[in-house]
Amino acid sequence: MMSPIIACLLAVLQAGDLSDSRRTAIVTASEQAGPSVVSISVTQVVQRYVPLQDPFFDFFFRGGYTQRRYEVHSMGSGFIVSADGLVLTNQHVIEGATAITVTLPDGREFPGKVSGSDDGSDLAVLKVEGKALPVAELGDSDDLLIGEWAIAIGNPFGYLLDDPQPSVTAGVISATHRDIKPERGQTRVYRDLIQTDAAINPGNSGGPLVDSRGKVVGINTFIFSSSGGSLGMGFAIPINRAKQVMDELVSFGRTRDVYTGIRVQEITRLLALSLGLDSQRGVLVSEVERGSPAAKAGLQPGDVIRRLNARPILSIEDARSALAGLLVNDTLQVVYEREGQQRETAVILAPLPG
């Protein structure tokens, strides 16, 4: 027969075990990263064509349209990366903004100013005039494990909720190094992305993707969805890449154009025959500027470029696509053919002169 005292002690111990079991890595990580996650409210002015409301005009001309300006409001997320008020978010969150308000989880509001933005990488840096603000700890997106916890923090559907507290969804890292095929006319380059099944919904854009240690490993950017809601295929920009872009935006207000110092041309059937090439694959180096990054890497006129950063090159458009989104000081791995021999070199990209 168990004594009442022992029974009471066992009950207390069991309650303590239950309480401890609730404090998972996800809870701890959310508590650590949550205070630095902000809600970003954006005001935009758009012009739209609307029907004329003029009975006299309608009677004689059978209808007509005029332009009118409207204020449009939208919301997104971001996170603080410096105690003096730098905020990292997506460029599409603040695109075309005439006014930006940044709201912290504790309710404090600050007007936001764009320090720099880049459409190609879909990243932007905002500045708010604050001091000793809570800062997100940045992790290492090159050290991710497929299947490890992934926690998306942000303000989905924030326009429906009058509450600055961010929400949390959890999943796993589903894949890394995902490239998304661009649509026609699209200027943004989505490459080397992190894929996660943590729910990402409208308003989550720009918020952090956090690991189980509470460190930011990515920036939640978009989802694949047929309904507008999460279907378990969300994508985030790796934080290591975002840090590189952020440094450019803070220093220059934009990302600088890169310079290789080579000119290339398409390989036509006749050109392939005259050069003794076995195919028209690749592009032909027609000129290498003296002292340029390409010259320092050993490239010469007449070389045939077959691959750039492991991407097969079949045309000039492929070469342009391979360069899109690259930054100053990035390394461009070039596989080329010279006199029937395949070679490889590395070009360190420089800022475009002038």
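Things worth noting here:
- Where labels lie 7 Å past Cα in the beta-carbon direction, separation of Ala295 and Thr24 in nm: 6.0
- Reducing the stretch 261-276 and the stretch 99-161 to their Cα centroids gives an inter-centroid distance of 47 Å.
- FRET efficiency estimate (nearest 0.05) - Cβ-Cβ, Thr331 to Leu145, R0 22 angstrom: 0.35
- Amide hydrogen neighbours beyond the local backbone of Val172, cut-off 5 Å, H modeled: Ala150, Asp197, Ala198
- Across the stretch 311-340, the residues whose backbone nitrogen lies under 15 Å from the label position 7 Å along the beta-carbon direction of Asp278 are 336-340.
- Segments 198-204, 302-308, 99-105 sorted - mean Cβ within 10 Å per residue, highest first: 198-204, 302-308, 99-105
- Within straight-line cross-link reach of Lys215, lysines at Cα separation under 25 Å, skipping those fewer than 8 residues along the same chain: Lys127, Lys131, Lys243
- Spin-label model, Glu339 to Gln67: label points 7 Å out along the Cα-to-beta-carbon direction sit 6.2 nm apart.
- You can think of it this way: the chain between His177 and Ser251 has 23.9 nm of extra reach, that is 0.36 nm per residue less the Cα-Cα gap.
- Label-to-label distance, nm, for residues given as Gln44 and Asp119 (7 Å Cα→Cβ offset): 1.2
FYI, it's all coordinate maths here, none of it is from the lab. Given the structure is predicted, the values throughout are model-derived calculations rather than measurements. Note that we place each Cβ from the backbone using ideal geometry, even for glycine, and neighbour counts take in every protein chain shown.
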